[in-house]
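Structure first, then comments.
What follows draws every value from the coordinates through simple rules; no lab data is involved. On a predicted model such as this, the values are computed, not experimentally measured, just so you know. Every residue, glycine among them, receives a Cβ derived from its backbone with ideal geometry; neighbour counts consider all protein chains shown.
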């Protein structure tokens, strides 16, 4: 036998090495990001600890991989019913102790803790303040009990049936179209009233025992915690759970086992032909599976573009993607919207032509490269943002997809992009139409014609290759006004050089919050908390009350048409610039306040702040004729209805104002000139306002603010109009009925009181605490005792200019036969003790805990810090820190609450706003 030469041996060795390298690369496990802690305990229970939660709060999530789609027909609604029973008591928190404990921590159902059931999972979530070890550990002990130790008392079950049935009445969804033709068709997760009434305690307990086992549950801690201590605590606490491993691996229906064709599919918006090609899903946990998943995405994008650009087709719009209807199932999903006068037969022919063309000539490397690069652009764009892995770890728990950092996603996409070729798509392209299918259409639609049935459709798909006249495809890029561009593609805003304002003082308000005060009186509040929305906003104490009554309605309409052109830009140029930069303007007028905001993203802040400067300093007026025509068009298409509820509420709160209805009227140059002056005063009276700057801001943000905001010269608001309306005085209990276009009825009990001295921020907090206490009383009596209501709400108010405090407590009744009974329960059971100022020491502590939780945990929430927080600063002359809030709340005594509650909850002086048909 001849020996192999050394040179040949070396060549073979290199080839074998490359083959082994390629194999190893493909089987390489994807890495979980280093800042995610993931652990599976010996008993099968999994947990995750995630960084970058919302500042000020920790989110605790208990996930079950059991959703409503595990239910058989006779079980419908049980998963959702079980979710309700979780909060009804457990072994170590029996009876009311679960709700009482959560309440004592300052947590309220719906806002701070809740549960929800999806098709494929159930989620329980609790949001607590950070830096509170006692609250964290107590909440974890309670969630540990939820895993195995629920009580499920038969009496609680009967009361909760009423609540669940009220919820069923509020939701009318018929379920997802993915399950049409299966035993899950029409299942929306709730069941029917009849099914819920037939549920027994045994049904719920059996379901709980079967599906709430350690291997089917996971915990997520999302936020700033002491990682070493919390790992030790979770390991011990959850490691003691019994390690019951259930044989429920295939608990969800396998949709890929049968073909379904249905002409019963209805779409309210358009005639649709849905083609779903069904296979089994797979976890994305290796480089090979990442590549496979990526190829599937590119495959759908390419076919979508080809279908969209097919000449002379009957298809108006195409949506093509891979869909995971629920666990274990994967669809190649094509949703084809019909043109006017189209037929389903022709649409199917159009689809078959595109597939036949691709099979005969293959995909082009040019189009593959385009979509690979398009995905890369998207991932790179996202990689500049703060990462929140909550959704990723949920997918990891539910289907095994490894969470990837955006940087790693870019890296692996680049790694596989150079090796993807037309051959990678051949097997999928040639065989996906052979999969079992779900085909949906509407046999009552205009696009339907006789003969378009199951046999016709399936025969047509079997004989795609009979499209003999297909020609080679010529690629052209998809046309989209929302095409993804890189940061380098962003246009530079043209603006004159500005002389920067001088910072007089910089005051820290929190870890991520500070205020810049300038020599010219401008005050800018800067919020650079992670995941803050990127925006610049003016919050002013001026409102419609500062202009004449006869101008209010028209000015409120036309102000949106001011500042559409600015700087060197025409109206079209300015619109194109904002569109390319994805910058959106919004103007909101209240009776006594004004907000102008520009929203962008963290890639374009330096351009956003320049456009803000150009808009605020803009001196261009719109054309009177264009405004007149715009008004005519608006009045033709819009029916004006006054919001009676808001109108009455405002008058009760001392914030009422006469604003005439908008009517058709000529707009001349004199009106434009007058409104132009109003607009300039609103946006430039910056000494009477705060400017808010928020987002993931650049390091030189202070310099940018000094240059483009502090350089603006403030003006004085001098219309000489400053109308104020006295609060509505009610001499006796009054019911005001208001039309409401819903089948349910909403009752709002409103109480107000005017003091003979200024209303302090402490007074405002006490009013909010009384409202929270009223909410608790309603929950205990209207919902828990009687099951009358599903939805509750409460608010406390203060109007500094009127020395007024107020409370609104409200509820929605779905069954109108309960409206009078609920009102009687309010008057006879909820309100009497409140009107007498009867409050236990525990109740006072709960009220203070609720307030502290709200003001600490919500301190950095964008909607609050960019609006309400600044309005408080204008009202009270001071911007409070988180510590200030805590100090004020801790000075509130039981006697303070009782005294204000006696004054506010007056049984002889209140109004009920009753909204119903």
Segment 395-453 and segment 487-560: distance between their alpha carbon centers, rounded to Å | 45
Those residues of segment 118-134 whose amide nitrogen sits under 16 Å from the label point placed on residue 237, 7 Å along Cα→Cβ | 124-134
Distribution output for segment 721-815: share of Cα-Cα pairs per 5 Å bin in percent, first bin at 0, values 3, 12, 18, 18, 19, 14, 9, 5, 1, 0, 0
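Place the peptides 819-830, 66-77 in order of packing, highest mean first, counting for every residue the other Cβ atoms within 10 Å and averaging per peptide.
Numbers: 819-830: 16.5, 66-77: 19.9.
Top to bottom by mean Cβ count within 10 Å: 66-77, 819-830.
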Burial-style ranking of 758-764, 344-350, average other-beta-carbon count within 10 Å with highest first, yields 344-350, 758-764
For segment 589-625 and segment 741-816, write down the distance between their C-alpha centroids in whole Å.
-> 36
Where does each of 198-211, 105-118 land if you order them by average Cβ count within 10 Å, highest first?
-> 105-118, 198-211
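Percent relative contact order of the chain, based on C-alpha pairs within less than 8 angstrom and at least six residues apart?
The value is 13 percent.
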Alpha-carbon centroids, segment 87-135 and segment 48-66: separation in whole Å | 13
